[in-house]
Amino acid sequence: MAKYTVVSMPGDGIGKVVLPEAVRVLDAVGFDADYVHAEIGWERWINDGNPLPQATLDLLKRHKLGLFGAITSKPKGEAAKELRPELRDKGFVYYSPIVGLRQAFNLDVCIRPCRSFPGNPLNFIRQKAGGGFEEPKVDVAVFRQNTEGLYAGIEWTDPPQQVRDALATHPKFKAFEHVRSADLAISTRVFTRNACRRIVEAAFRYAKRHGYHSVTVCEKPNVLRETSGMMEEVAKQVHKDYAEIQLWSTNIDAQMMWLTKNPEDYSVIVAGNMFGDIVSDAFAGLVGGLGFACSANIGDEVAVFEPTHGSAPKYEKLDPPIVNPIAMILSAAMMLDHIAETDKAKAVRDAIASVVKEGKVRTYDMMRIPGGPDSISKGAATTTQVTDAIIARLG
């Protein structure tokens with residue numbers, strides 16, 4: 001009997017391509033696990049009106065560990081048009097299944113490491129004052145509060161009267177009191193003190209464990225005074241227990257400028273849901289883009305690991321496949337860290353680093369050429385070849 005059981009959720013598009021590659025690497029590094037397949041994503045939405053089946057939730061509740069590939073997600077109106085005809089106009093509303101997973105199991109701590117691999121041609125470089133170029137080392141871990149904020153899903157188009165009445169108690173709503181409800185869309189940004197504390201404490205623990213020198217709260221407290229203000233207030237309280245680590249604060253807009261001026265200055269960044277999503281993608285762009293962007297969604301019992309890229313359905317059916325599997329493989333390495341299989345996790349990351357540094361096996365994105373059926377003829381490696389090269393380094 002295997003030591004672990006992992007719920008495998010390929011999802012949509014290239015998720016079906018890259019997740020099996022990660023499993024090949026896990027097998028090669030000697031990870032003792034069985035994998036159970038679970039349905040999630042667009043096909044389930046079209047056929048059932050539910051992109052997150054109860055059977056998938058039941059499997060995760062039982063086995064606690066999940067690997068997730070990617071999903072296709074579309075706006076409400078477009079999603080409704082793609083339902084089977086007999087399901088249309090039946091009250092089904094599309095909701096992101098990965099957001100649903102996070103909320104179902106309170107996977108409130110999202111970790112997104114953004115680390116540059118030496119030799120990656122996609123790494124950020126900058127011009128030196130005296131001429132020439134330099135490549136600063138980027139080593140940032142973004143901690144994103146995963147279940148609240150703007151992603152909590154508390155929103156309305158054409159809000160009911162009781163919502164309008166409640167909002168009318170705030171003086172700032174006076175500017176909208178004459179707007180027809182049919183012309184009004186409202187999304188709420190909800191922070192709770194407990195969730196702020198959990199994500200900030202997780203960020204400080206991570207910084208201490210990995211020897212990082214600072215934790216930066218990246219929010220917008222000068223405008224979003226209540227929600228961002230609560231995050232900053234909690235961070236100052238938690239910082240008292242981690243005096244050896246510096247506490248910094250940046251506004252999200254200014255952070256977008258500074259990360260391309262001096263990315264090496266930053267260590268651990270903590271933010272609410274939306275700003276954490278933004279800043280993690282921005283830092284990912286400095287270390288190779290979404291082909292290198294991994295993440296963990298961690299709760300008290302269940303944890304799900306996923307690349308942060310989308311489903312890119314136009315690439316799913318290409319034969320041979322051309323997409324970069326490294327983000328998915330790095331996500332699997334994060335799973336190994338989570339269950340204290342740290343030696344295996346390090347071996348996987350070291351193997352990836354070796355392949356990237358050698359530079360002989362590169363997917364189309366690493367070669368800076370367009371993706372498509374002719375990428376291979378232009379010298380790009382296939383998805384399988386990249387995985388094969390990583391596995392060869394594990395020996």
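The values are calculated or read from the model by the stated rules, or taken from the named source; none is laboratory data. No experiment lies behind these values; they were computed from the predicted model shown. All Cβ positions, glycine included, derive from the backbone under ideal geometry; neighbour counts span all protein chains shown.
Name the single residue, out of those in the range 187-221 being in contact with a Ser or Thr (Cβ under 8 Å, 6 or more places away or on another chain) and part of a strand (DSSP E or B), that is nearest to Gly153 (Cα to Cα).
Val190
Would you confirm whether any residue within the range 156-172 is part of a loop (DSSP other than H, G, I, E, B) and either buried (at least 20 other Cβ atoms within 10 Å of the Cβ) or touching a helix residue (DSSP H, G or I) at 6+ places or on another chain (Cβ under 7 Å) (or both)?
yes
State which residue is farthest from the chain's Cα centre (by Cα) when the search covers only the range 81-103 and only residues that are of a type in the set (A, V, I, L, M) and surrounded by fewer than 18 Cβ atoms within 10 Å (Cβ to Cβ).
For the range 81-103, the residue satisfying everything is Leu87.
Would the range 130-143 turn up any residue that is modelled with pLDDT under 95, of a type outside the set (A, V, I, L, M, F, W, C) and either under 24 Å from Ala333 (Cα atoms) or assigned by TED's automatic domain parsing to the domain that holds Thr260 (or both)?
As a first pass, look at the range 130-143 and keep what is modelled with pLDDT under 95: 130-131.
Now restrict to residues that are of a type outside the set (A, V, I, L, M, F, W, C): 130-131.
Right, trim to either under 24 Å from Ala333 (Cα atoms) or assigned by TED's automatic domain parsing to the domain that holds Thr260 (or both) and you get 130-131.
Yes - at least one qualifying residue is present in the range 130-143.
So, in the range 234-246, of the ones that are more than 13 Å from Glu201 (Cβ to Cβ) and touching a residue at least 24 places away in the same chain (Cβ under 8 Å), which residue ends up nearest to the chain's Cα centre (by Cα)?
Here the residue is Gln246.
When Asp139 is evaluated against the numbered criteria (1) exposed (fewer than 11 other Cβ atoms within 10 Å of the Cβ); (2) within 30 Å of Val361 (Cβ to Cβ); (3) acidic (Asp, Glu), which criterion, by number, is the only one it fails?
(1)
State all residues of the range 104-116 that are surrounded by fewer than 20 Cβ atoms within 10 Å (Cβ to Cβ) and more than 17 Å from Gln54 (Cβ to Cβ); if no residue qualifies, say none.
Asn106, Arg115, listed by residue number.
Just to be sure before I move on: is Leu52 surrounded by 18 or more Cβ atoms within 10 Å (Cβ to Cβ), modelled with pLDDT of 95 or more, of a type outside the set (S, T, N, Q) and touching a strand residue (DSSP E or B) at 6+ places or on another chain (Cβ under 6 Å) in the structure I sent?
no
For the list (1) under 29 Å from Leu59 (Cα atoms); (2) small (Gly, Ala, Ser); (3) without any contact (Cβ under 8 Å) to a residue 24 or more places away in the chain; (4) not in a loop (DSSP other than H, G, I, E, B), I need the number of the one condition that Gly91 fails.
(4)
Within the range 116-155, take every residue that is over 23 Å from the mean Cα position of the chain (by Cα), among the hydrophobic types (A, V, I, L, M, F, W, C) and assigned to a loop (DSSP other than H, G, I, E, B) and give me the one that is farthest from Phe305 (Cα to Cα).
Ala129
Suppose we keep only residues that are surrounded by 22 or more Cβ atoms within 10 Å (Cβ to Cβ) and not hydrophobic (A, V, I, L, M, F, W, C) within the range 207-226. Which one would you say is nearest to Gly276 (Cα to Cα)?
Keep residues of the range 207-226 that are surrounded by 22 or more Cβ atoms within 10 Å (Cβ to Cβ), which gives 207, 215-219.
Those left that are additionally not hydrophobic (A, V, I, L, M, F, W, C): 216, 219.
Details: Thr216: 12, Glu219: 9 Å.
By that ranking, first place goes to Glu219.
Run Trp258 past the list (1) free of Cβ contacts under 8 Å to residues at least 24 places away in the same chain; (2) in contact with a Cys (Cβ under 8 Å, 6 or more places away or on another chain); (3) aromatic (Phe, Trp, Tyr) and report the number of the one that doesn't hold.
The one condition Trp258 does not meet is (2).
Would you call Asp27 of a type in the set (D, E, K, R) and loosely packed, with under 14 Cβ neighbours inside 10 Å?
yes
Would you tally the residues in the range 1-42 being part of a loop (DSSP other than H, G, I, E, B), of a type in the set (Lys, Arg) and under 23 Å from the mean Cα position of the chain (by Cα)?
Count: 0.
Failed condition for Arg198, given (1) more than 19 Å from the chain's Cα centre (by Cα); (2) under 30 Å from Ile326 (Cβ atoms); (3) crowded, with 17+ Cβ neighbours inside 10 Å, with all others met?
Unmet condition: (1).
Among the residues of the range 308-323, is any closer than 22 Å to Pro118 by Cβ and either of a type in the set (D, E, K, R) or more than 24 Å from the chain's Cα centre (by Cα) (or both)?
No, the range 308-323 contains no residue that is closer than 22 Å to Pro118 by Cβ and either of a type in the set (D, E, K, R) or more than 24 Å from the chain's Cα centre (by Cα) (or both).
Filter the range 245-302 down to residues that are out of contact with any helix residue (DSSP H, G or I) (no Cβ under 9 Å at 6 or more places or on another chain) and part of a loop (DSSP other than H, G, I, E, B) and give me whichever is nearest to Tyr151 (Cα to Cα).
Asp300
Residues of the range 352-393 being under 15 Å from Val323 (Cβ atoms), surrounded by 20 or more Cβ atoms within 10 Å (Cβ to Cβ) and of a type in the set (A, V, I, L, M, F, W, C), which ones?
Correct list: Met366, Ala380, Ala381, Val386, Ile390.
Give the residue, chosen from Asp281, Asp277, Asp253, Asp265, that is surrounded by fewer than 18 Cβ atoms within 10 Å (Cβ to Cβ) and either in contact with a Gly (Cβ under 7 Å, 6 or more places away or on another chain) or closer than 30 Å to Pro10 by Cα (or both).
Of the residues listed, the single one that is surrounded by fewer than 18 Cβ atoms within 10 Å (Cβ to Cβ) and either in contact with a Gly (Cβ under 7 Å, 6 or more places away or on another chain) or closer than 30 Å to Pro10 by Cα (or both) is Asp281.
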